[in-house]
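Below is one structure; the comments refer to it alone.
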Amino acid sequence: MRTKQISKVFLVIIACIVAYVFLLPLMFMVFTSFKGIAESVTSTTLLPRNWTMENYRELFMNTSTSPVLRWLGNTAVVTCAGTALRIVTSVLAAYALARLPVPGKRFILVALIWAMAIPEIVTFFPLFYIFKQVGGLNTFWPLILPSGSGVMCIYLIYNFLLAFPKELEEAGFVEGANVFQVLWHIVVPSVKPVIVTQAFITFLGLYNSYLWPSLVISRNENRTITLGIAALVLGENYTNPGLMMASTVVSVLPVMLIFMFANKYIVRGFTQSGIK
Amino acid sequence: MKKKTTTAVLFVLPFILFFMMFWLIPFVYGIVMSVSKYSLVKGNQGFVGLDNYIKVLFSSSMYNKSFWLGMKNTVIFVILTTPFLVLGSLALALLLDRLPDRVKGVFRTIYFASYAVSVTAVAAVFVWLMKGNGGYLNNLMINLGIIDKAIPWMEQQPFVWVSLTVATIWWTIGYNMMLFVNALNEIDTQLYEASAIDGANFRTQLRYIIFPGIKNVFYFVLMTTIIASFNVYGQTRLMTQGGPGETTKPMIMMITSTIMDRNDLGVGSAMTILMGIVIVLCSVGQYYLTKEKEELR
């Protein structure tokens, strides 16, 4: 018993060291954003000696090269619309595939598996060309609409529903509820952890995606925050670490807040996603 | 009954439409482009058969050179990152599994948090952590007297590969870890207790209880990690711009420059399809590997 206690303490110490390594880049990001340029390029400590808001001031004032608030607004539109679109189409389709007589069901399921195995990049350039031909570049459409085809999302919800008893739903129908009432009051609550996890992963994917937006968006004011910051990283403030970290903090903050909020669901959702 | 089928069709229809518009049609269109002379500006200039593929795979053109160089760089990246991302995440999950319940959640959140950060942020942070001149790591190590000259982490090989690998591990290891954490949770704890009474040490438990219990998740993680590393783009684009020279230009960067800079949609599509085939072969190989082992058992 004694040695077991000691080994637990030892494990916690290791866990703390690992946690420090994981947090180091994030701490570096936050603290550097409060350092002036002269200090940040020579600094040997994480904490700033002279705290300054200069970087944030410059970032928010300079709205021609870094319209951060505009970028955040664009991102909010794209991520919310894209996530909602994916969850709605996926829940409807997954429910139908798991419970209703969909014609050609087997064919659809096989197509889903193939589509999951083929990497996204294969569709990027043809899709880019299509959007270019219809004049969709530099709009939100190419950033939002492709989310409607959430192959993985459907597959996971479908799998979850297959393993989930359908007696409750049948009872609902016997009571005289229509299919939408059953879906909303019985099915959605029971697959909630999977939905929240998938919503978070979709949101994260849209928020953080870089390659696809960099193809379809070229005008500065239409950029998402990730794309905008990327332009800054590659260009204007590459030489000023403090400014670069300030912009990075602004881009990471919203997603971290949502992460903290969704955390407990995500852990459960991962368990119930049924990857076994 | 008929009403039920109508509902079913109505429910699947939105997805089917999006799937066709944004996956199936572009997919087929990509194949068509790859056998045509196609440019971004002039559009389709006619069917050329397998010319684009031959150009990419065999001829001594610049496309051929970029394709194989991109392939080589991508494979290097996959080989460097996969072991850490798979075995490292398993080690983290095992560590978490053995921690006291009270602190488990905190550490799990910390290890997983970096996954929520965008590739842009990862690049920005690691550039200034690792940069040869003025980077934090070099400043710190020089100050502590560990090194007396700055190490060109971002400027010279093989250091640049180290930086890219470290950044990638930090960024994505948490996701794999979560999958392993859940796989470990499913193992019956009574097995551990029973085996401990029989005098089994950690290594025996790992081999006879843990690995068999998480085997399928292990192969799943291995496969998805290889595929994800094959698709590397953002880190190299933003941290190194493919340099020094072209040593960290992965496949996707070669494809984007073929299409966007050299304006050749046909050849670029052929490259994309070839890359897709390699990735699908990886998955298929993985699938049969897992299956065969199961039958032997």
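Scanning the stretch B:71-102 for residues that are in contact with a Gly (Cβ under 9 Å, 6 or more places away or on another chain) and within 14 Å of chain A (Cβ to nearest Cβ) yields B:Ser89, B:Leu92. In summary, helices (runs of 4 or more DSSP H) completely within the stretch A:153-208 and bearing 2 or more residues that are crowded, with 20+ Cβ neighbours inside 10 Å and on the phi < 0 side of the Ramachandran plot occur at A:179-182, A:192-208. Among residues of the stretch A:207-234 that are at the interface with another protein chain (Cβ under 9 Å from one of its Cβ atoms), those with a beta-carbon under 9 Å from a residue that is part of a helix (DSSP H, G or I) and among the basic types (Lys, Arg) at least six positions away or on a different chain give the pairs A:Tyr210/B:Arg237; A:Leu211/B:Arg237; A:Ser214/B:Arg237; A:Gly228/A:Arg70; A:Ala230/B:Arg237; A:Leu234/B:Arg237. If you go through the stretch A:104-152 and keep only what is more than 7 Å from chain B (Cβ to nearest Cβ), free of Cβ contacts under 8 Å to residues at least 60 places away in the same chain and farther than 21 Å from B:Tyr287 by Cα, you end up with A:Gly104, A:Lys105, A:Lys132, A:Gln133, A:Val134, A:Gly135, A:Trp141. Here B:Ile210, B:Ile226 are screened, and the one residue that is touching a Cys at 6+ places or on another chain (Cβ under 6 Å) and either β-branched (Val, Ile, Thr) or within 11 Å of another protein chain (Cβ to nearest Cβ) (or both) is B:Ile226.
Which is of a type outside the set (S, T, N, Q) and in contact (Cβ under 8 Å) with a residue 40 or more places away in the chain, of B:Phe77, B:Phe15, B:Phe19, B:Phe11?
From the options B:Phe77, B:Phe15, B:Phe19, B:Phe11, the qualifying one is B:Phe77.
Remark: pairs (first residue in the stretch B:223-245, touching a residue at least 12 places away in the same chain (Cβ under 8 Å); second residue assigned to a loop (DSSP other than H, G, I, E, B) and among the aromatic types (Phe, Trp, Tyr); Cβ separation under 6 Å; 6+ apart in sequence or on different chains) = B:Gly234/A:Tyr210. Checked against the criterion of being at pLDDT below 90, at the interface with chain A (Cβ under 10 Å from one of its Cβ atoms) and part of a helix (DSSP H, G or I), the candidates B:Gly134, B:Gly105 yield just one match: B:Gly105. A:Thr89 meets the conditions (1) without any contact (Cβ under 8 Å) to a residue 60 or more places away in the chain; (2) facing chain B (nearest Cβ under 7 Å) in every case but one. The failed one is (1).
With respect to the conditions (1) more than 22 Å from A:Ala199 (Cβ to Cβ); (2) within 30 Å of the chain's Cα centre (by Cα), A:Gly36 lacks only one, and its number is (2).
Does B:Gly266 satisfy being over 15 Å from A:Leu215 (Cβ atoms), in contact (Cβ under 8 Å) with a residue 60 or more places away in the chain and assigned to a helix (DSSP H, G or I)?
So B:Gly266 fits the description; yes.
I'd like to check something: does the stretch B:32-52 contain any residue that is in a helix (DSSP H, G or I) and away from chain A (no Cβ under 14 Å)? Taking every residue of the stretch B:32-52 in turn, at least one turns out to be in a helix (DSSP H, G or I) and away from chain A (no Cβ under 14 Å).
The values are calculated or read from the model by the stated rules, or taken from the named source; none is laboratory data. Bear in mind the structure is a predicted one, so any value in this text is a computation, not a measurement. Backbone-built Cβ (ideal geometry, glycine too); neighbour counts: all protein chains shown.
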